[in-house]
1. Would you point out the residue of region 259-296, among those that are of a type in the set (Ser, Thr, Tyr) and surrounded by 14 or more Cβ atoms within 10 Å (Cβ to Cβ), that is nearest to ALA331 (Cα to Cα)?
2. Just checking: which of the helices (runs of 4 or more DSSP H) contained wholly in region 220-303 hold 2 or more residues that are in the same structural domain as ALA331 (by TED's automatic domain parsing), among the acidic types (Asp, Glu) and over 20 Å from LEU25 (Cα atoms)?
3. Report the residue count in region 188-202 for those that are in contact with a strand residue (DSSP E or B) (Cβ under 8 Å, 6 or more places away or on another chain) and either assigned to a helix (DSSP H, G or I) or within 17 Å of PHE79 (Cα to Cα) (or both).
4. Can you tell me which condition TYR160 does not meet? The list is (1) touching a strand residue (DSSP E or B) at 6+ places or on another chain (Cβ under 7 Å); (2) surrounded by fewer than 21 Cβ atoms within 10 Å (Cβ to Cβ); (3) of a type in the set (Phe, Trp, Tyr), and all the others hold.
5. Report yes if some residue within region 351-362 is in contact with a helix residue (DSSP H, G or I) (Cβ under 8 Å, 6 or more places away or on another chain) and within 21 Å of LYS290 (Cα to Cα); otherwise report no.
6. For region 213-225, name all the residues that are in contact with a Ser or Thr (Cβ under 8 Å, 6 or more places away or on another chain) and farther than 21 Å from ARG92 by Cβ.
7. Six or more apart or on different chains, Cβ atoms under 7 Å: show the pairs whose first residue is in region 228-253 and more than 14 Å from VAL210 (Cα to Cα) and whose second is of a type in the set (Phe, Trp, Tyr) and modelled with pLDDT of 85 or more.
8. Within region 323-358, which residues are within 13 Å of GLY264 (Cβ to Cβ) and among the polar types (S, T, N, Q)?
Amino acid sequence: MRKSGILLPALLAWCAVAQADLSVLVAVEPTSKKEGFLLLRATVEKGLGAATAQPVTLTTSEDLTDAMRATRTGDYDIFIAPAQVAASALLRGYELIGSTEASEQYVLVGRQHYGDTDAVKGGRLYLPQQDSIYTYMARGMLNASGLSFKDMGAVEYARYPLAGLTAVNLGLFDATVVRKSDWDAAAKEQAAVAKVLATSGFVPGGFSVVIKKSLPADVRTKAAKWLSTSGSTAGLKPLGVHAEMAAYKSVAELGFFTPTHLPGATVVTAKEVQQLVGQGVVLVDTRTEKEYKTRHIPGAIFVPYVEKSLKDVAFEAKLDDFSGLDKLDPAKPVIFACNGAECWKSYKASRQAVLRGFKRVYWFRGGLPEWEASGLQAAL
């Protein structure tokens, strides 16, 4: 009886999972609207349902903010979506099946008289939805120059990316972001009034398809096989491209991580930090005292950054306390580190050191997590 008391609830739970609808969300970027709505809902539901032996419900949405929220709450079992939505899901219990297009780049296009990205500060920026891939790329390219949306005179979220080129051409806006391929096609006509100020890294193109890891293994396998081989019967392009996971990680980081560059400072890896410390370069741990005493990188000194400002490249330094910077010698090179790419303290400390004229500033963006992930030991 005891065994049956244990097995019966488990059997009922298994049956419930087996009979539950397999939910699919197709999230559509404005420029992919036609492709997104060419997906035949009935065909996907019937074909995928037959392949997995489960009922399937497909939903299509142009609301990218809602799609991003759904990745955080796990509302859907499968996402067929642009790179930034897939990247968010991959951080939260999903795995990649593949993508429909090769990776592509984006460009920040500004008025012809702008010398570089820095000159855009205070200007008017045209972008699609806040959670559009275009907006993510804009944030990344601005961050690389130490700017943020707060530095702009105005940021207007409209709808269609290519309309941004027209807006810049007419002088209604000063800058916008488009796919590099779209700019290449329009460059000849736009060259008199606009030019490329910055180019992004490569981003997985088209639709990326991800599936929830917690689904039964056989369901995941059958779903992945159908989507990869038979999805074309429903209008989905073949999932023949498998972008590097690092590309999705880079996209995800643009949403809430520190920027990948810091003007005036040199971003270094764990191995480079190890070499620099061995050469006598000072390594500063900007975390809390409790964190430092728990474990830290060998040789690091404790100089806390008391953070109250926003986690943004346009942070207000006056709100923070980094008086410990006064104890360091600006004539000597120094490395700043904290808790990895999501920790802003070392970024802010490095930025302040650069502004104060330190001779050589190194920023260890990966911090302690990268140090340990590289197989190096922490000091206790």
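The values are calculated or read from the model by the stated rules, or taken from the named source; none is laboratory data. All figures in this text were calculated on a predicted structure; none of them were measured in a lab. Reconstructed Cβ throughout: ideal geometry from the backbone, glycine too, with neighbour counts over all protein chains shown.
1. In the first step, residues of region 259-296 are kept if they are of a type in the set (Ser, Thr, Tyr); the result is 260, 266, 269, 286, 288, 292, 294.
Okay, now just the ones that are also surrounded by 14 or more Cβ atoms within 10 Å (Cβ to Cβ), so 260, 266, 269, 286, 288, 292.
Working: THR260: 25, THR266: 16, THR269: 23, THR286: 20, THR288: 26, TYR292: 25 Å.
So, considering only residues that are of a type in the set (Ser, Thr, Tyr) and surrounded by 14 or more Cβ atoms within 10 Å (Cβ to Cβ), the one nearest to ALA331 (Cα to Cα) is THR266.
2. The qualifying helices (runs of 4 or more DSSP H) are 289-294.
3. Qualifying residue count, region 188-202: 1.
4. Just one mismatch for TYR160, condition (1).
5. no
6. Taking region 213-225 as the starting set, the residues that turn out to be in contact with a Ser or Thr (Cβ under 8 Å, 6 or more places away or on another chain) are 219, 222-223.
Matches in region 213-225: LYS222 only.
7. So the pair list comes out as ALA247/PHE202; VAL251/TYR136.
8. SER350, GLN352
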